[in-house]
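The values are calculated or read from the model by the stated rules, or taken from the named source; none is laboratory data. Because the structure is predicted, anything quoted here is derived from the model rather than measured. For neighbour counting, all protein chains shown are included, and Cβ atoms are generated from backbone atoms with ideal geometry for every residue, glycine included. The protein model used for the area step is the full one, side chains on, heavy atoms only, and it has no ligands, DNA or RNA in it. Shrake-Rupley method; radii C 1.70, N 1.55, O 1.52, S 1.80 Å.
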Amino acid sequence: MHPGTRRSGLDYNQGGCRYNWTGATGVGLANSADALAVIDRLIYQTKQVGWDKLKDALRNNWVDVENLRKQCIAVPKYGMDEDLPDTWAKRYSDLFFDIYESYPTPRGGHFICGFYSMGTYVTLGKYTGPTPDGRTQGEHLADGMSPSHYIHPIGVTAAHRSISKIDGHRMINGVTYIQQMNVSHLLQDREVTKWAALARTFINIGGLCVQYNVLNADELKEAKMYPDRYPDLLVRVGGYSALFTRLSPELQDAIIARVEQSL
């Protein structure tokens, strides 16, 4: 009964709707950007690490190479407003957009892209091997276009600036950027005013969407252990809200692991 299908005489499976597209979603943008930044910095720029050494470390899931892993984690991460990882995030996302947008859908429409993950960033992580950013075998990926939990916490301003560099005009299929913030940093009117200015500026410089979890990591850990004490604890997961105590243990751990940032 859609107006487009009534006019064309074709149902939506045959392409009868006015807007006829199919969406693709990207998960783990931060892991991809950070991995490429590690390879760029340590193998090509500084030549501190050889390809064989890095590949052996990944094959063995970082076993017995903790110093090398620390070296990789120390490379600036997407979400720190650093040119190295942010350039790779922009280059990688543009490649993702370019490839998908170049193909027609089975109904003759267009593919569109987005970066949101719901809860799949945990599930997909289980099937993803170790990555050069320091992530281990089976560890969850970064959700949507959010930074990974390996980011060095230098403040929310840097994180917002990194995310705003991705072309929001091409993410028609949607996006999630979840920023974890500690409630203790937002108890005064001054902090709330700064927070409002941050969100407004983020949109003005090109940001598309931001979702805030205002929580306390210690409280989350306690809620996992004693769910009956926190029946109404609501969190943003990856594009949707849910009661924390009803999530799977893996999703709970992924939310706890998110880096809390201050204004």
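I'm checking my understanding of the structure. Among residues of the stretch 135-151 that are within 23 Å of K70 (Cα to Cα) and among the hydrophobic types (A, V, I, L, M, F, W, C), which one is surrounded by the most Cβ atoms within 10 Å (Cβ to Cβ)? The qualifying residue surrounded by the most Cβ atoms within 10 Å (Cβ to Cβ) is A142. Of N31, N67, N61, all but one fail to be open to solvent by 80 Å² or more (accessible area, probe 1.4 Å) and among the polar types (S, T, N, Q); the exception is N67. Checking each residue in the stretch 40-58 for being in a helix (DSSP H, G or I), under 16 Å from K70 (Cα atoms) and open to solvent by 100 Å² or more (accessible area, probe 1.4 Å) picks out only K53. In summary, G129 fulfils each of the numbered conditions (1) surrounded by fewer than 18 Cβ atoms within 10 Å (Cβ to Cβ); (2) at pLDDT below 95; (3) in contact with a Leu (Cβ under 8 Å, 6 or more places away or on another chain) with the single exception of condition (2). Counted as qualifying within the stretch 152-263 are the helices (runs of 4 or more DSSP H) with 1 or more residues that are open to solvent by 20 Å² or more (accessible area, probe 1.4 Å) and either under 22 Å from V122 (Cβ atoms) or touching a Cys at 6+ places or on another chain (Cβ under 7 Å) (or both), namely 217-225, 249-257.
Only one of the numbered conditions (1) over 19 Å from S148 (Cα atoms); (2) open to solvent by 40 Å² or more (accessible area, probe 1.4 Å); (3) among the charged types (D, E, K, R) is violated by D94, and that is (2).
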